[in-house]
1. Given (1) surrounded by 12 or more Cβ atoms within 10 Å (Cβ to Cβ); (2) over 27 Å from residue 69 (Cβ atoms), where does residue 181 come up short, assuming only one miss?
2. Restrict the check to the range 159-177 and report whether at least one residue is in contact with a Lys or Arg (Cβ under 7 Å, 6 or more places away or on another chain) and at negative phi.
3. Kindly indicate whether residue 115 is among the aromatic types (Phe, Trp, Tyr), open to solvent by 70 Å² or more (accessible area, probe 1.4 Å), modelled with pLDDT under 90 and outside any loop (DSSP other than H, G, I, E, B).
4. Which numbered condition in (1) open to solvent by less than 30 Å² (accessible area, probe 1.4 Å); (2) within 19 Å of the chain's Cα centre (by Cα); (3) not aliphatic (A, V, I, L, M) is the only one that residue 161 fails?
5. Could you figure out which of (1) open to solvent by 100 Å² or more (accessible area, probe 1.4 Å); (2) of a type in the set (A, V, I, L, M, F, W, C); (3) closer than 29 Å to residue 68 by Cβ isn't true of residue 108?
6. Conditions first: (1) open to solvent by less than 30 Å² (accessible area, probe 1.4 Å); (2) closer than 30 Å to residue 70 by Cα; (3) outside any helix (DSSP H, G or I). Residue 135 passes all but one, so which condition is the exception?
Amino acid sequence: MADLYDSTVYEHLSRVHAIEESKHTISSAKNRMEKPFDISNRSLEADSEGINFLIAGYQRYRCPYVWLRTDHERLVQLDADEELDKDAPVELNTINCWRNYDIRPWDVIVEIVCYALDPWPENPFAIDYEYFDRITMEERVVATGAMLEFLRRAYLRRYFCSEILLEDIKRLQRQHFYCINTLREYQQSSVFREATS
């Protein structure tokens, strides 16, 4: 019985220590991180450069909702006697089917992109390949790997752009493995060893 009690206390202390370490790590990360952009309604509505949607999920409703924050006049068709309710969510098929079918967040994104753009783009998941050139090699390995996994999932959904997605996957795989090999070669070089010692 004493062994059981001691191991339980030890496990509890280990969890407390891990939680405190996590809090410290998160706290120091928050101090270093900058917000990439302001997602408040004011900033979304003030942006005149593009079409802005707000996507939010609430556990209570067990599905996401989407609100249009700019370009209401162009995208929302109203009768002459109707008044625009900016606080009402956009009516989307993917949201309506969320509870009954295997709908993923990227399904919602595809519908939003196709809803907002006329004509539809060839590929709603078009990749900004120049972005990968602007980040460090370490970040590039992680970012290309994450993007590959996302594209794989999107490809398996069999969208109208599946062939384009497959070409993006092939291109990104080449870039990903090139980055891994470049990083590995650098880490095995004498320059890296001298810098880390």
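1. (1)
2. Yes, the range 159-177 contains a residue that is in contact with a Lys or Arg (Cβ under 7 Å, 6 or more places away or on another chain) and at negative phi.
3. Yes.
4. Here residue 161 meets the rest and fails (2).
5. Answer for residue 108: the failing condition is (1).
6. (2)
The values are calculated or read from the model by the stated rules, or taken from the named source; none is laboratory data. What you see is a predicted model; the values in this text were computed from it and never measured. Using ideal geometry, Cβ is built from the backbone for each residue, glycine included, and neighbour counts are taken over all protein chains shown. In case anyone asks, the SASA skips ligands and DNA or RNA and just uses the protein heavy atoms, side chains included. Shrake-Rupley method; radii C 1.70, N 1.55, O 1.52, S 1.80 Å.
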